[in-house]
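Report on one structure; see the data block that follows.
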Amino acid sequence: NLVIKGVVNENDARRAVDLGADGIIVSNHGGRQIDAGESTINSMQRLIPKFENQLTVMIDSGLRSGPDIARCIAAGAKFTFMGRPFMYGVGALGSKGGEQAITLLQKQFTQSMEQLGCETVDELRKCIIK
């Protein structure tokens, strides 16, 4: 499958569709290059209604916690990516840090779903008020 990362506006998403992409990753690459750029969740929320039936919309950039994952899925993302929590975990605990980061993220995500009364991930779009 062809997935294009770095999409933040409708023109880029339309080009991805025209190129036959199967999915896009809405990303500002961690905001490292243009730190005053728009939040990716805001960009994604504009793209979802126009493109979710044409390709898989995923998100990267700025996610740091289980509740962040829940918010992005509730906003329409089919999948989320993150890097820094794993780098921080490895930096703090060595090779066990990545596993610790996964454990913490899973626990936070599960707690978010429980607090919202969502039994399945698919229910997140209905559980969170936008």
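The values are calculated or read from the model by the stated rules, or taken from the named source; none is laboratory data. Keep in mind it's a predicted model, so treat the numbers as computed, not measured. Note: accessible area is taken over every heavy atom of the protein model, side chains too, but ligands, DNA and RNA are not part of it. Shrake-Rupley method; radii C 1.70, N 1.55, O 1.52, S 1.80 Å.
How much solvent-accessible surface does Thr110 expose, in Å² to the nearest 10, with a 1.4 Å probe and all protein chains in place? Rounded to the nearest 10, that gives 70 Å².
Among Asp60, Asp22, Asp68, which one shows the biggest mean-square fluctuation in a GNM of the chain, springs joining Cα atoms closer than 10 Å? The residue with the greatest mean-square fluctuation here is Asp22. Expressed as a whole percent, the accessible surface of the chain that belongs to carbon and sulfur atoms is 51, based on a 1.4 Å probe. Extension gain, Asn42 to Asp122: 0.36 nm times the residue separation minus the Cα-Cα distance gives 26.8 nm. Computed over the chain with a Gaussian network model linking Cα atoms closer than 10 Å, the most mobile of Ser65, Ser95, Ser39 is Ser95.
For Phe51, Phe86, Phe109, Phe79, give me the order by solvent-accessible area with a 1.4 Å probe, most accessible first, ignoring ligands, DNA and RNA. Walk me through the intermediate numbers first.
On the way: Phe51 0, Phe86 60, Phe109 35, Phe79 110 Å².
My answer, sorted largest first, is Phe79, Phe86, Phe109, Phe51.
Using the 1.4 Å probe convention, the accessible area of the chain works out to 61 Å² per residue with neighbouring protein chains retained.
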